[in-house]
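See below for the structure under consideration.
The values are calculated or read from the model by the stated rules, or taken from the named source; none is laboratory data. As the structure is a computational prediction, the values presented were derived from the model and not from experiment. Cβ atoms come from the backbone with ideal geometry, glycine included; neighbour counts cover every protein chain shown.
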Amino acid sequence: TYGFEENIWKSYIVRLQSDGTIEIFINGVVALTATATIPVNAIRTYNMIAGTVATGASNFEGNLSNIAVYDFALSDEELDKHVKRGFMLNTKTLKSLLSALNPDAYWTFDRLSPLEDEEGHYDFTATGTYSSQKNALVLNDGVIGNNYLYTADVYLGMKSTNTHWSLTISAKNSSVQQDGILCAQWDQSLDTGVFKLEIDNSTKYIFYMGTGATFLTSTTSYNDGKWHFITVTYDGDVTRLYVDGVEEASVSNTHIFDASMLLTVGNDSTADANHFLEARTDIDDFALYSREISPVNVTTLYEQFQKKKDLL
């Protein structure tokens, strides 16, 4: 599952243990485990790259790099070094990786053009005031005001009801909030919508879908003044909430699509000040996809986020 994806570099390591255990690692994450007895004669044959000597076998079409064969099984520590100190150092930045996954829209909140979609399609409009510090968006800093961003171009990510869909967003929260919305397509007065991602007074991230009765809650509190990387994926059946590369909650559900709702950052789609939904937070790297981001890519994105967050 999630083995190959178009135009995205990945590290593949196959480890054969002396007890017959075979493991395939993709970007350092175990993707497959099996047990088998490998005959000596199977090893003493041709060494092939991008093909095989078998008649009628298909050949690999793509780019290959850093191919190595060892006469011993790499330890867990050695495997980790291969991935993080070797392959990961040569992978793209978080920004270029998010772009390589072909988002429907991606906002980097760069200080020179903080409201522009990196893909060049959907720009935000600001209501109230905001600031951009170190290429991140700062909303309601030190004040409680109805300051938020919106775009009327809502045909983003999910194209119709129950289709595959994902989002990523980075956030840093320091103050306790009743219901601080990070991003949404949601009507709080009706308590319905496509989605709503917020941090509440329990200081946990909560992701709502369809109605206020269907939601996912993070297992950990994140009101710590540190940057965190949040990913939500939907495969047509199950919605999963990841924080910092770890799956924290999941639910089987049907995602609805509503083209009438504004996409917003920092408030709900109606921006009703009576609900006190303004996020007092720093936000970065908000992207929407009409596809599911695979667990392997969630891990890879978080690895690159760790390198970036020290610069924010």
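Considering only segment 288-299, I want to know if a residue exists there that is closer than 15 Å to residue 186 by Cβ, touching an Asp or Glu at 6+ places or on another chain (Cβ under 6 Å) and assigned to a strand (DSSP E or B).
yes
Which condition number in (1) assigned to a loop (DSSP other than H, G, I, E, B); (2) in contact (Cβ under 8 Å) with a residue 40 or more places away in the chain; (3) of a type in the set (Gly, Ala, Ser) is the one that residue 210 fails?
(1)
Would you point out the residue of segment 162-177, among those that are part of a loop (DSSP other than H, G, I, E, B) and under 21 Å from the mean Cα position of the chain (by Cα), that is modelled with the lowest pLDDT?
If we take residues in segment 162-177 being part of a loop (DSSP other than H, G, I, E, B) and under 21 Å from the mean Cα position of the chain (by Cα), then 162 is modelled with the lowest pLDDT.
Could you grab me the full set of residues in segment 188-222 that are within 20 Å of the chain's Cα centre (by Cα) and of a type in the set (S, T, N, Q)?
Within segment 188-222, the subset within 20 Å of the chain's Cα centre (by Cα) is 194-199, 204-209, 215-222.
Once the filter is applied, which keeps residues that are within 20 Å of the chain's Cα centre (by Cα) and of a type in the set (S, T, N, Q), segment 188-222 yields 217, 218, 219, 220, 221.
List every residue pair whose Cβ atoms sit under 7 Å apart, with the two residues 6 or more apart in sequence or on different chains, where the first one lies in segment 13-25 and is under 13 Å from residue 75 (Cα atoms) and in contact (Cβ under 8 Å) with a residue 24 or more places away in the chain and the second, anywhere, is among the hydrophobic types (A, V, I, L, M, F, W, C) and loosely packed, with under 13 Cβ neighbours inside 10 Å.
Pairs that qualify, where the first residue is under 13 Å from residue 75 (Cα atoms) and in contact (Cβ under 8 Å) with a residue 24 or more places away in the chain and the partner is among the hydrophobic types (A, V, I, L, M, F, W, C) and loosely packed, with under 13 Cβ neighbours inside 10 Å, are 16/38.
Among the candidates 193, 236, 212, 245, which residue alone is touching a helix residue (DSSP H, G or I) at 6+ places or on another chain (Cβ under 9 Å), small (Gly, Ala, Ser) and in the same structural domain as residue 268 (by TED's automatic domain parsing)?
245
In this structure, is residue 68 among the aliphatic types (A, V, I, L, M), modelled with pLDDT under 70, loosely packed, with under 14 Cβ neighbours inside 10 Å and part of a loop (DSSP other than H, G, I, E, B)?
Answer is no for this residue.
Please pick out the residue among 232, 246, 265 that is within 13 Å of the chain's Cα centre (by Cα), on the phi < 0 side of the Ramachandran plot and surrounded by 20 or more Cβ atoms within 10 Å (Cβ to Cβ).
232
Tell me yes or no: at least one residue of segment 17-34 is in a loop (DSSP other than H, G, I, E, B), at pLDDT 85 or above, surrounded by 16 or more Cβ atoms within 10 Å (Cβ to Cβ) and touching a strand residue (DSSP E or B) at 6+ places or on another chain (Cβ under 8 Å).
Within segment 17-34, not a single residue is in a loop (DSSP other than H, G, I, E, B), at pLDDT 85 or above, surrounded by 16 or more Cβ atoms within 10 Å (Cβ to Cβ) and touching a strand residue (DSSP E or B) at 6+ places or on another chain (Cβ under 8 Å).
Exactly one condition in (1) part of a strand (DSSP E or B); (2) more than 18 Å from residue 206 (Cα to Cα) is not met by residue 239; state its number.
(2) is the only condition that residue 239 fails.
Go through segment 248-272 residue by residue and tally those that are in a strand (DSSP E or B), among the hydroxyl-bearing types (Ser, Thr, Tyr) and touching a Phe, Trp or Tyr at 6+ places or on another chain (Cβ under 8 Å).
Number satisfying all stated conditions: 1.
Go through segment 121-149 residue by residue and tally those that are at pLDDT below 85 and under 20 Å from residue 262 (Cβ atoms).
The total comes to 12.
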